[in-house]
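Okay, structure first, notes after.
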Amino acid sequence: MAVEAPNVSQDSLITLEASLLNVSGNVPLHNRFRALFTLKALKNDEAVQIISKGFADESALLKHELAYCLGQMKKTSALPVLESVLSDEKEDPMVRHEAAEAMGAISSLDAIPVLKKYLSDSNRSVRETCEIALAKIEWDNSEEGRKHREAIVSAEQLSYTSIDPAPPTSGLLKGKPAPEDASEENITNLRTTLLDKSRSLFERYRAMFALRNIGTDAAVDALAAGFVDDSALFKHEIAFVFGQLLSPHSVPSLLDVLRNPNESDMVRHEAAEALGGIATPEVLPHLKEWMQRPDAPRVVRESCQIAIDMWEHENSGEFQYANGLDTLAAAVSA
């Protein structure tokens, strides 16, 4: 049984839109993110329309997150704006890639033609994302994909409720590993698949999400081995997975990524946000440093700002991060 989306008034929607779009010109980026994730939880076409307006912003990080949220909402009404973003070759590749990934998450057959078109894009991350999105749509419409959807009757049956770019390897689809899944032999086999460049990215991603579902320190080590890959897309997804796992064991490898000036901005941004979610004491000084460093790329600085807000949330006792309405109400009363 699906989780019901909250009901909000028209006035609340107007307030959330004003916050997300920074109409006043003084809304901090992290509060805009909270408004975004509040809108995402509504899962309706009106929220899709509001979120879509944000693509006029100049922050690649924000636009990347807009695309991600539209994909997670799984509303086909978002497909036109996502197609427009993917098709805009002047847009930041990080945003275009996320638009393609969101189209895969929505998993409509209508998205296939445009995804196929950009399989030959000049940017590698965009090409690779389109490849994975097409494979996901194909899997979703396969017998295994259909059976998996029919077997899941409630979110409680899943360890992770996100719509991932690829399903975990068969046997770990529900996310609750059996003891034999966490065996040294199985983790070694999954690690081999993860690192095998002769396999398709979709296969490698399936191994990645299977290791996430196992979630042991040995699985984290296997995932971290992927940070030597030459695909920024692949490495950014490993960092994203670490942000889902929230394992302190992944902190050293994530810090190495964040502090590496030669690493892709897309990978470093995802590492920063993962560290904010893990929220152990030792990560905060690093996030503060890279938020302020003048030599850090903008997307890294902004990601650290968001990560610090996440860190503070995780250490505050707040019930939920997507509390855009509460945040705005507090600002008004102040």
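The values are calculated or read from the model by the stated rules, or taken from the named source; none is laboratory data. Fair warning: this is a prediction, and the values are worked out from it, not measured in the lab. Every residue, glycine as well, gets a Cβ built from its backbone with ideal geometry; the counts of neighbours run over all protein chains shown. What goes into the accessible areas is simple: the full protein's heavy atoms, side chains included, and nothing from ligands, DNA or RNA. Shrake-Rupley method; radii C 1.70, N 1.55, O 1.52, S 1.80 Å.
Among 247, 87, the sequence by solvent-accessible area, most first, with a 1.4 Å probe is 87, 247. With K and R counted +1 and D and E -1, the other residues having a Cβ less than 11 Å from that of residue 109 yield a net charge of -3.
Relative intensity of segment 228-310 on a log10 scale, I(q)/I(0) at q = 0.24 Å⁻¹, equals -1.12, per a Debye sum over C-alpha point scatterers of equal strength in the absence of solvent. Expressed as a fraction of 2.2 N^0.38 Å, the value expected for a compact globular protein of N residues, the C-alpha radius of gyration of the chain is 0.96. Net length available on complete extension from residue 110 to residue 162 is 16.5 nm, with 0.36 nm assigned per residue and the Cα-Cα distance removed. Taking every protein chain into account, the 1.4 Å probe leaves residue 206 with about 40 Å² of accessible area, to the nearest ten.
For residue 188, the solvent-accessible surface computed with a 1.4 Å probe is close to 70 Å², ligands and nucleic acids excluded. Among the listed pairs 53/75; 75/116; 63/90, those with a Cα-Cα distance over 19 Å are 75/116.
Here is the size of segment 76-235 from its Cα atoms: Rg then Dmax, 16.1, 49 Å.
Could you pull out the longest piece of the chain with no exposed loop GluC sites (Glu not before Pro) in it, calling a site exposed if DSSP puts it outside H, G, I, E, B and it has at most 12 other Cβ atoms within 10 Å? Don't skip to the answer; put the middle values down first.
Working: sites that count: 4, 58, 89, 318.
Result, exposed sites excluded: 90-317.
Sequentially through segment 260-274, phi angles give Karplus couplings (6.51, -1.76, 1.60; θ = phi - 60°) of 8, x, 8, 7, 4, 4, 4, 6, 5, 4, 5, 5, 4, 5, 4 Hz, Gly and Pro residues having no value and appearing as x.
Given a 1.4 Å probe, how much area per residue of the chain is accessible, in Å²?
Values: 14990 Å² over 334 residues.
It amounts to 45 Å² per residue over the chain.
Pairwise alpha-carbon distances in segment 21-141 exceed 19 Å for 42% of all pairs. For segment 211-252, list residues with backbone N below 18 Å from a point placed 7 Å from the Cα of residue 184 toward its Cβ? Within reach of a label on residue 184, which here means backbone N under 18 Å from a point 7 Å along Cα→Cβ, segment 211-252 contributes 215-223. Subtracting the Cα-Cα distance of residue 77 and residue 143 from their residue separation scaled by 0.36 nm leaves 21.2 nm.
Which percent of the accessible area of the chain is formed by carbon and sulfur heavy atoms (probe 1.4 angstrom)? Don't skip to the end; give the middle numbers.
Values: 7620 of 14990 Å².
Carbon and sulfur together cover 51 percent of it.
Mind giving me the FRET efficiency for residue 221 and residue 11? R0 is 45 Å, r the Cβ-Cβ distance, nearest 0.05 is fine. So, using R0 = 45 Å, E works out to roughly 0.35. You can think of it this way: the chain between residue 292 and residue 229 has 19.8 nm of extra reach, that is 0.36 nm per residue less the Cα-Cα gap. Using heavy atoms of the protein chains and a probe of 1.4 Å, the accessible area assigned to residue 8 is about 50 Å².
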